[in-house]
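The values are calculated or read from the model by the stated rules, or taken from the named source; none is laboratory data. From a predicted model like this one, the values you see are computed outputs, not experimental measurements. Here Cβ is always computed from backbone atoms with ideal geometry, including for glycine, and neighbour counts include all displayed protein chains.
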């Protein structure tokens, strides 16, 4: 049996189990499994899309059955949570992705409701850029592209990311970019 068949076997088994607890779920799920690569994500389901689970092919190839056992139920729980409970939001209108209802569905499948994977991400072949910032004391702080952009938007001396013990420390961009990762 190949890995795609193993993914569908896991999906079918968990769906049957969840139908016992949630009779509102249709008898057949109709969910497709698609693949993507070069990412730190293990998998995802697009908001409002009950038809496709996207899995990281790099992680699947490197971690096999362990990846299937963790990630397929994780993403299926997102779909079932949307079907059974609808979209949940916080007071600030941010989506609640790994809230109490998602965790309960994970437990209903007999799975550990962990939000994040712990796989070695160097196997993904992803190349990452880090932007080097420096404070007055010469301490370097490499930032991801998102954090770098947030720092650039701030007024001088008002960086977005402050360390507790360095309150008021001013950072400036050195102009250097580090490239890390890759296969």
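Of all residues being more than 20 Å from residue 63 (Cα to Cα) and part of a loop (DSSP other than H, G, I, E, B) in the stretch 27-41, which is farthest from the chain's Cα centre (by Cα)? Just the residue, please.
Ranking the qualifying residues of the stretch 27-41, first place goes to 27.
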Quiz prompt | Neighbours by Cβ (under 7 Å, 6+ apart or cross-chain): first from the stretch 63-89, over 13 Å from residue 109 (Cβ atoms) and not assigned by TED's automatic domain parsing to the domain that holds residue 106; second in a helix (DSSP H, G or I) and modelled with pLDDT of 95 or more | solution = none
Exercise. Return yes or no: is residue 24 exposed (fewer than 13 other Cβ atoms within 10 Å of the Cβ), over 15 Å from the mean Cα position of the chain (by Cα) and closer than 28 Å to residue 129 by Cα?
Key: no
Self-check item: Complete set of residues in the stretch 84-103 that are modelled with pLDDT of 90 or more and either out of contact with any helix residue (DSSP H, G or I) (no Cβ under 9 Å at 6 or more places or on another chain) or crowded, with 22+ Cβ neighbours inside 10 Å (or both)
Solution: 100
Exercise. Considering each residue of the stretch 37-48, count those that are more than 18 Å from residue 70 (Cα to Cα) and either surrounded by 14 or more Cβ atoms within 10 Å (Cβ to Cβ) or in contact (Cβ under 8 Å) with a residue 24 or more places away in the chain (or both), and give that number.
Key: 3
Practice problem: Looking only at the stretch 19-30, decide whether some residue is touching a residue at least 40 places away in the same chain (Cβ under 8 Å) and closer than 21 Å to residue 115 by Cβ. | Solution: no
Quiz item: Could you list, in sequence order, the residues of the stretch 1-10 that are assigned to a helix (DSSP H, G or I) and either outside the structural domain of residue 83 (by TED's automatic domain parsing) or more than 19 Å from the chain's Cα centre (by Cα) (or both)?
Solution: 3, 4, 5, 6, 8, 9, 10
